[in-house]
Structures are given as structure tokens and as C-alpha cells.
Amino acid sequence: MRPPTNHSNGLINENSSIHRSRFVRIIEAAGALVVGMNTQGQITLFNKRCEEVTGYSEKEVLGKTIFPLLIPEDELAGVLERFRRLVNGKLPTYSPQVHWITKTGEKRLMQWNNTFVTDEMGKVEEIFGIGIEITEWKKAQQALKESETQYQSLFDSVPVGLYRTTPDGQILEINPALVAMLGYEDKEELIKRNASEFYVDATARKRWKALIEQEEVVRGFEVQFRRRDGQIIWVELNARAIRNEKGEVYCYEGNLEDITKRKETEIALLAAHHRSEFLLDLMAHDLNNINQGIMLALELIENDDQLPPHLRESVRDTLAQVERSADLIANVKRFQSLKIEPRLLGSRDLSPPFHAAVRAVERAFPNKQLFLTTNIEDGKYQISGDGFITELFFNLLHNAMKMDSNTFVKVEVQANTVEKGEFLKIQIMDQGPGVPNSEKKRIFSHYKEDSAGERGSGVGLTLVQRIIQRYGGQIWVQDRIEGDYTQGANFVLLLPRGED
Amino acid sequence: MVSIFIVDDDENLHRVYRSFFTMKGIDVIASAFDGSEAVKIFGKLNPRPDILLMDYRMPNKDGVSTTKEIKQIDPASKIIFLSADETARDQAFKAGAISFLIKPVRFAHLLQTISEVLDHQ
């Protein structure tokens, strides 16, 4: 065998100074398969890499014809055709991919480059195949292709608009959902537009760009877009900036959702909310003006020395009803502000709002006197709360005053820390008619239609419960003297403590 | 005798205020049903009333604007707000009100407030 070498025309001739074994070593160093065949297709050379890939030893295959041994049947015709051309001295113009069947019957894919050796007359004597195994690479490529297909399929079928645009607004990619959302016939028509054209407010895209370039990711950016037919829709943009190797923004990619219905609902809700606030305010104002007139007129009658005693009693009852009506209005307004005002809790000294509530209750009952015993003093107890602490105690004390038919109303309010100092337990004990067991759980519920005149009618105690929920606390009612509810009620509050 | 000027757009309230004040020996020297009328009348009053009872929501001019103008005419005037609109409290004090009561208020409470305001003279 003459040493093969690469000739300028691709041939290996006998004049080469490179020995065949050197040629094989060089090729093997590159990890390539090298197989040699005579013009009959009988194997003359089968290097180590070929042995590794096929599981055959060189000894096993030398002299055997390559075609039925290693080439699968379905590729045989093509391989034979190329082999015939090589035998005729024609080099292939491309590198074919051909499977080999291993000793265990497994198919392995190889990419081949062929060359041949000629005799003095230029006749082909031996053919060489130099190959690399690409089975795994091919699998990876196939997987990549499948993944790209899946991505494309997802991109095309997802009901959310997906896009990629350059910073100057050129549309790089857009999915069918977005094409439909913006009212265009097809992608090609839309892709010619500039992204900035869709913004109803031209400055909105500038604001969005400034935001995304600073934050990298922008979520929930709500903006109005104009569709192809001129219709204006609300959309929510979620996007991130993609940067190139230099760190410059190359494009933005993200999704876009049509939130018109949600936005219209929000706007309608807000309008309804404003309307209800306006009506509540109007009603509260006008009703309290009317209450003022009735209250003063009743007081005038009450002051008349000629008024028979039974009528004086009726006048006083009616005055109390007017006051209840005013309280109800005040509490409904407080409910409203409880919903509107944000929850900003902080550590607060319990004493000032508590004593402000005491003073307000005393003013609300000019014909009664409150005898209060309490251990709440300035700087002694801190709770985690906000501006509703006064409302909380006002309603509880007001309830105690209202329910006690005596002119002198005794109330005891005791505070102490519990639960390893995490909570403040406050007990408000009155000597009113008490709360029967059947009422204890539902006393804080809203709108008790069957309880007119009973403790807990109206919204005062419901407001108390809402404020306590707002603070992350708890409230319940028990008997002041356990087992005998007629001795008065004990309202127990657990409120998270503030920092001292 | 203590004198008072009632400013409120509710005619019915005027009647009951007047009855009460008269009964308690307080002289209602003037009445106005909106802010503009109140400013006009106040400018001509001589002597000035000891107390002005001021509503907030009124036609033409609200109680806060009226208070500002009256305080310009007479910085010593004592204005007690009596309103069903609690939100006006801060504005009323900024404008120069001396006290703020929320309707409905018992007459005894109103008298006590008047008395406290006069005691601070």
C-alpha cells in the first residue's frame, strides 16, 4: 500500500512522502473515523475510532464488503452510487451523512469526506472515508428544531399578544393574537408600522421607555392604544429590555393584554363609588341639618314648664331617637372612611385617643354622668393602631352609656399585657342589662333587624369589630360576673402592642 | 346682654335658634341666609355682635369664605361654626373660626361653647 496524501486536486498519490500510518495517526488524533476500501468495497483499513463506534474490531471486518455489513438497506442505493463515482475517479462535491449499523444493530450517523488513491496510470486503487460521528449533534439539532417549532406554535397560538420591538419602535416580531387585537389583517401589514403609532398619548411610550431602560423590566404598564379602525382600547404592557454585548438595549420583548373590559369596569366602579360617596355625604349633611332642627324644637318643648309629665317623657324618648339617628349617620360615614383610608399602622400611646373618646361620650350624653375607673394613663400602654382608636373606644363607651338606664353610669376599663407582651388585653366592663348567651356571638354583626332597641342595634359595634380587624386584634363579649349576664357586659379586646 | 348673629341657609333652624336664644336672654341682632348677605349685613352692624354662629354649606358663599371676609372687616369677631360637614373643620379654623360644632348639637352644649368663647375674651 502506498502512502496516501492530499493532492492539490484532492487525490492521494503514490509520490507522497507521508506514510499511510502517519496519515492515519494524524486523522485519529482529530478523533475521526477512517475506513479504507478497495474498489470492490472490501474493507482495507478500519481505525480505532471506527472500532469504538461500531463495536467491531479491525480484524473482524478486514476483507469484508462494507455495504451489507455497515450500511443500512434504505441508504444502500445512494451510498453505492457515490462509491461508483469514486471508483471512476470523481470526488463528491458535498459531505454526505450516512448511517452505520453497529455490531449491536444500533444506527449511528456519520458525516463523511471521501478521497482515493490512484496508481501510476491514475486509476483508483483504494478509497478512503474520513468521518465524524454526528448522532448526538443531530439529536440535539433535532431537539432544538422541535423546541423552536413548539416555541413558534406557542407564540402563534397563545391568546396574549407577544412582541419584540427595537428602541426606535421597529417591530421585529409579533404574534397573531396581537395582530388580531390591533385589528390588522395580517402580520405583514402590521410589521410595517412603528410601535409608537399605537399609543394614543405619544408621551406614554417615552415614559414607558424611560422606565424600562432604568428598571430593565416593566410590569403592569396600563396605556391606551389605537386600533387600525381607530377604536381605542386599554392594554397592559409587560416587557423586558434585551441588551447586546456592549450593554446597549437591542430590543424590548414582552406581552400585551387587552384590559379594556376590566378598565371600563374599574372606571364604572369608581364612578359609582364617587356617586355613592357624594350621595352619602349629601344625605348625611341634610339629615343632620334636619336632626338639628328637630332636636332643638324638641328641647324647646321639653323646656316648657306647662308640659304634662307623660308628654315630657315622650319628648325625651324622641330626643334619644334623634341622637341615635345622628349616631347612625356618623357611623355610616366612619365606615366609609374606614374603607377609603389606607391602613398605616404605627405605635401609639393608648391614653390620648382613649381619653378623647371618654370626653366625646360625656358630651354626647349631657343628661347622664359617666363614672369611669381605669388604669389607662399617659405613656403607660402602646398599641399598634391608627387614627381610628378614638372611634373604637367612643363606640364601646357610647354603647355602655346608651344601654345603662341609670343617670350615673359606672364603667371600668382595665388594660394589661398578655401573650408574652405581644398583645394588650383591654376589658370594658359596664353595669348595664348585659348580653344573653344567645346574643354574644352575633352582637357585632351588621344590621340586626330583629334587635331594635337592644344592645348592638345600629352599626356602632360592627364598626368596632372592623377597626379591631384592621389592627389584627380580636374582640368578644362575656359576662362581667361570670354566669350572670344581667350584672353587665365585659367587652374584651386583644390588640397588638406597639413599641414602647 | 350677649348679642348673636345667625348665619345659616335653613329657615327652620333660624326659628328654633331665635326661640332658644331669646328664652336664654341672648339677643339675636341679625340673621343671614347665605354668605354674601352675611358679609353685607356684618359690614353695617354697629355695634358688632358678640358671637357669629356660622353654617358651612350655604348658597353664594360658604362659611369659610364668609369667615375670611368678616375677619378682614373685624379681626376681633368671634365665629363659632355649627355645621353638619365635619370636613370643613381645618379650613374653618384656618379662616379664623374660634370653635367648631357638628350638627346636631344639643342646645346646652351650644350655650356652653358660647359661654367658653366669651369667657376667653
(request) Kindly indicate whether any position in region A:233-250 is of a type in the set (D, E, K, R), part of a helix (DSSP H, G or I) and crowded, with 16+ Cβ neighbours inside 10 Å. (result) no
(message) Suppose we keep only residues that are farther than 30 Å from A:F335 by Cβ and of a type in the set (A, V, I, L, M, F, W, C) within region A:280-314. Which one would you say is farthest from the other protein chains (Cβ to nearest Cβ)?
(response) A:L311
(request) Scan region A:196-206 residue by residue and report those that are part of a strand (DSSP E or B) and in contact with a strand residue (DSSP E or B) (Cβ under 6 Å, 6 or more places away or on another chain). (result) none
(request) With the checklist (1) within 27 Å of B:F107 (Cβ to Cβ); (2) away from chain A (no Cβ under 14 Å) in hand, flag the one item B:G43 doesn't pass. (result) (1)
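Conditions tested, residue by residue: (1) within 49 Å of the chain's Cα centre (by Cα); (2) within 20 Å of A:D479 (Cα to Cα); (3) open to solvent by 10 Å² or more (accessible area, probe 1.4 Å).
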| site | (1), (2), (3) |
| --- | --- |
| A:E391 | yes, no, yes |
| A:D404 | no, yes, no |
| A:V413 | yes, yes, no |
| A:I426 | yes, yes, no |
(request) Keeping to region A:239-294, report how many residues are without any contact (Cβ under 8 Å) to a residue 12 or more places away in the chain and among the hydroxyl-bearing types (S, T, Y). (result) 2
(message) Going by what's in this entry, would A:G230 be described as small (G, A, S), modelled with pLDDT of 90 or more, out of contact with any strand residue (DSSP E or B) (no Cβ under 6 Å at 6 or more places or on another chain) and exposed (fewer than 13 other Cβ atoms within 10 Å of the Cβ)?
(response) yes
(message) Suppose we keep only residues that are over 43 Å from the mean Cα position of the chain (by Cα) and part of a strand (DSSP E or B) within region A:353-387. Which one would you say is nearest to the other protein chains (Cβ to nearest Cβ)?
(response) A:Q369
(request) Would you please name the residue that is surrounded by the fewest Cβ atoms within 10 Å (Cβ to Cβ), looking only at residues in region A:315-352 that are among the hydroxyl-bearing types (S, T, Y) and within 14 Å of chain B (Cβ to nearest Cβ)? (result) A:S337
(message) Test of understanding: among B:T66, B:T113, which residue is farther than 23 Å from A:L319 by Cβ, among the polar types (S, T, N, Q) and out of contact with any Lys or Arg (no Cβ under 7 Å at 6 or more places or on another chain)?
(response) B:T66
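Residue-by-condition table, conditions (1) more than 14 Å from chain A (Cβ to nearest Cβ); (2) among the hydrophobic types (A, V, I, L, M, F, W, C); (3) open to solvent by less than 20 Å² (accessible area, probe 1.4 Å):
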| residue | (1), (2), (3) |
| --- | --- |
| B:H14 | no, no, yes |
| B:P49 | yes, no, yes |
| B:L53 | no, yes, yes |
| B:G63 | no, no, yes |
| B:P75 | yes, no, no |
| B:S83 | no, no, yes |
| B:K103 | no, no, yes |
| B:V117 | yes, yes, yes |
(request) State yes or no: is A:E266 under 21 Å from the mean Cα position of the chain (by Cα), of a type outside the set (A, V, I, L, M) and not in a strand (DSSP E or B)? (result) yes
(request) Six or more apart or on different chains, Cβ under 7 Å: which pairs go from a residue in region A:207-231 that's assigned to a loop (DSSP other than H, G, I, E, B) and basic (K, R) to one that's open to solvent by less than 70 Å² (accessible area, probe 1.4 Å) and modelled with pLDDT of 90 or more? Could you list them? (result) A:R227/A:L182; A:R227/A:G183; A:R227/A:I233; A:R228/A:L182; A:R228/A:G183; A:R228/A:Y184
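Give region B:105-115 a look and list any residue that's within 23 Å of B:D62 (Cα to Cα), within 14 Å of chain A (Cβ to nearest Cβ) and either surrounded by 20 or more Cβ atoms within 10 Å (Cβ to Cβ) or not polar (S, T, N, Q) (or both), or say none. Give the derivation first.
To start, the set of residues in region B:105-115 that are within 23 Å of B:D62 (Cα to Cα) comprises B:105, B:110, B:113-114.
Subset that is within 14 Å of chain A (Cβ to nearest Cβ): B:105, B:110, B:113.
Passing the criteria: B:V105, B:L110.
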(message) One residue is enough: does region B:32-48 have a residue meeting the conditions of a type in the set (F, W, Y), closer than 18 Å to B:I102 by Cα and in contact with a helix residue (DSSP H, G or I) (Cβ under 8 Å, 6 or more places away or on another chain)?
(response) no
(message) Anything in region B:16-37 that is within 11 Å of chain A (Cβ to nearest Cβ), surrounded by fewer than 16 Cβ atoms within 10 Å (Cβ to Cβ) and under 15 Å from the mean Cα position of the chain (by Cα)? List them, or say none.
(response) B:R18
(message) Anything in region B:92-101 that is more than 14 Å from every other protein chain (Cβ to nearest Cβ) and not aliphatic (A, V, I, L, M)? List them, or say none.
(response) B:F93, B:K94, B:G96
(message) Considering only residues that are among the polar types (S, T, N, Q) and open to solvent by 60 Å² or more (accessible area, probe 1.4 Å), which ones fall in region A:268-313?
(response) A:N303, A:Q306
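Taking region A:138-162 only, how many residues are under 22 Å from A:A180 (Cα atoms) and not charged (D, E, K, R)?
Residues of region A:138-162 that are under 22 Å from A:A180 (Cα atoms), as a first pass: A:149-162.
If we keep only those that are not charged (D, E, K, R) too, we end up with A:149-155, A:157-162.
Number of matching residues: 13.
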(request) May I ask you to list the residues in region A:142-195 that are assigned to a strand (DSSP E or B) and open to solvent by 50 Å² or more (accessible area, probe 1.4 Å)? (result) A:R164, A:Q170, A:L172
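The values are calculated or read from the model by the stated rules, or taken from the named source; none is laboratory data. Keep in mind the model is a prediction, meaning the values are calculated, not measured. Note that each Cβ is placed from the backbone with ideal geometry, even for glycine, and that neighbours are counted across all protein chains shown. These accessible areas exclude ligands, DNA and RNA; they are computed on the full protein's heavy atoms, side chains included. Shrake-Rupley method; radii C 1.70, N 1.55, O 1.52, S 1.80 Å.
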